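The values are calculated or read from the model by the stated rules, or taken from the named source; none is laboratory data. Bear in mind that the values here come from a model prediction, so they are computed numbers and not experimental data. We place every Cβ from the backbone using ideal geometry, glycine too, and count neighbours over all the protein chains shown. Ligands, DNA and RNA are stripped out before the accessible areas are found, and what is left, the full protein with its side chains, is counted by its heavy atoms. Shrake-Rupley method; radii C 1.70, N 1.55, O 1.52, S 1.80 Å.
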Amino acid sequence: MNEQALYDLAPVLELMLLGLLLALGPLAWVWLRNRNGGSLKRLQALSVLTLFLTFDLVLFGAFTRLTDSGLGCPDWPGCYGSASPMGARAQIAEAQAAMPTGPVTHGKAWIEMVHRYLATTVGVLIIAMTIMAWRRARRQGRAGGAQGVEGARRGAMSPWWPTLALFWVCLQGAFGAWTVTMKLFPAIVTLHLLGGTGLLALLCVPAVGLSRAARQQQATVISPGLRALLWLGLGLLVLQVALGGWVSTNYAVLACSSFPTCQGSWWPAMDFSQALQIWRPLGLLQDGSNISLAGLTAIHYLHRLAAYVVVAALAGLWWRLGEAPALAPQRRVLAAFLVLQVLTGLSNVVLDWPLVAAVLHTGGAAALVTVIVWCLAASRPGTLRAGLPVARGEIA
């Protein structure tokens, strides 16, 4: 069997066209539902829809990783130089006959390519959102002069937000390619997961800002202390997502199969020097030797110890959000996904990593990041004077 080149750009135009065709559905839906709503309403609807589809993409990316489909097509951006697995049936069948359980099978090839199709569709939607945002900013600039331009570009309404998201999704595409060509290199796969979470955060800010503008709502004034807790919670959560990605990409979930102890001990045998070797191939150390059970256990236990801190911090944040009644919807969503994270995290350990729980665990983490960014984008720091909120600044 001839070895397939890692990069084969032959199907790139077909994939771009397919992404465009798939994106026409959501774009048509936005235009039809908001044909009389003006540019602001259409842009707001597109931003929310793109955020929703990006969250779906993150979930499907987790499904791709957890079903070991990341190498379902051994080249990029297509599958054996074709735009779909249908054009590569012979090559896939040959690879599957040589190794019936993978990494290349017909099912895994379709999972991998569907993930790429979804990613291309999201990229097209972000391009459309960026174009619409800049056109609207220019129209406002011509209508209102310098003041209009400043108003169009201030805070979450700035067209630089979708522009940054466009740059970010291109970077995500590069990490997706490296995930394949570097054979599931753990650091690359973890960064790809973090990139997907970051893309959600970048898309959340304009979605919230445009929704507030469409409803003519002002940002909620919260205390500087609560806002600091939101930033702290976001920072801890991103760190925990990185640790969770490191567990998943190193297949270290089953290093501990019990809770709250691990391997019958509160402090099992662990090798943190192995756990913290970042730049190395899957299953190997930098010297080429296999990573030990003690190294995998250390990877797992770091995530578990950090989880205690993050859950406590987010529970405290939930409590403090009670002082901002306008953020009650976000507070409820935060509580729901925090409970989901605890339950799915425990399920992954005690139920031997069930697929549904593992996918939901990734989705729950992404949702928690989005909720906290939602709180930040919908609020501004301020103080109370004579019973009235006084704003001190707006999120940018």
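The table that follows gives values for the structure above.
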| quantity | calculated |
| --- | --- |
| Cβ-derived FRET efficiency at R0 30 Å, residue 346 paired with residue 269, nearest 0.05 | 0.85 |
| Top of 37, 364, 19 by mean-square fluctuation, Gaussian network on the chain, Cα under 10 Å | 37 |
| Separation in nanometres of the label points that stand 7 Å from Cα toward Cβ, at residue 304 and residue 24 | 5.3 nm |
| Spacing of the two label points (7 Å from each Cα toward its C-beta) at residue 356 and residue 293, in nm | 3.1 nm |
| Under the span-like rule (Cα at least 30 Å along the axis, Kyte-Doolittle mean at least -1.0), DSSP H helices of the chain | 12-33, 38-66, 106-153, 160-181, 186-214, 224-249, 293-320, 328-350, 355-377 |
| Inter-label distance, nm, simple model (7 Å from Cα along the C-beta direction), residue 142/residue 99 | 5.7 nm |
| Cβ crowding within 10 Å averaged over residues, with 72-85, 347-360 ranked highest first | 72-85, 347-360 |
| Cα centroid of segment 243-317 to Cα centroid of segment 193-218, whole Å | 32 Å |
| Gaussian network model of the chain, Cα within-10 Å springs - most flexible of 219, 128, 93 | 93 |
| Heavy-atom accessible area ranking, 1.4 Å probe, most first, across 293, 20 | 293, 20 |
| Estimated 222 nm signal from helices in the chain, with DSSP H stretches of n ≥ 4 weighted -39500 (n - 2.57), rounded to 500 | -23500 deg cm²/dmol |
| Computed over segment 1-217: relative contact order in percent, which uses C-alpha pairs under 8 Å that are six or more apart | 26 percent |
| Given [x] 156; [y] 174; [z] 195, the label whose value is volume of the Cα convex hull per residue in Å³ derived from this model | [x] |
| Highest-fluctuation residue, 209, 123, 322 considered, GNM on the chain with Cα pairs under 10 Å | 322 |
| Which of 29, 134 is most accessible, then next, and so on - probe 1.4 Å | 29, 134 |
| Accessible surface of residue 259 - all protein chains present, 1.4 Å probe, nearest 10 Å² | 90 Å² |
| With all protein chains modelled, accessible area of residue 41 [1.4 Å, Å²] | 80 Å² |
| Residue 303 - accessible surface, heavy atoms, 1.4 Å probe, Å² rounded to 10 | 40 Å² |
| Cα shape, segment 163-292, gyration tensor, a/c 1.5 rule | oblate |
| Per residue accessible area of segment 1-217, 1.4 Å probe, in Å² | 47 Å² |
| Long-range amide H partners of residue 379 with built H, under 5 Å | 220 |
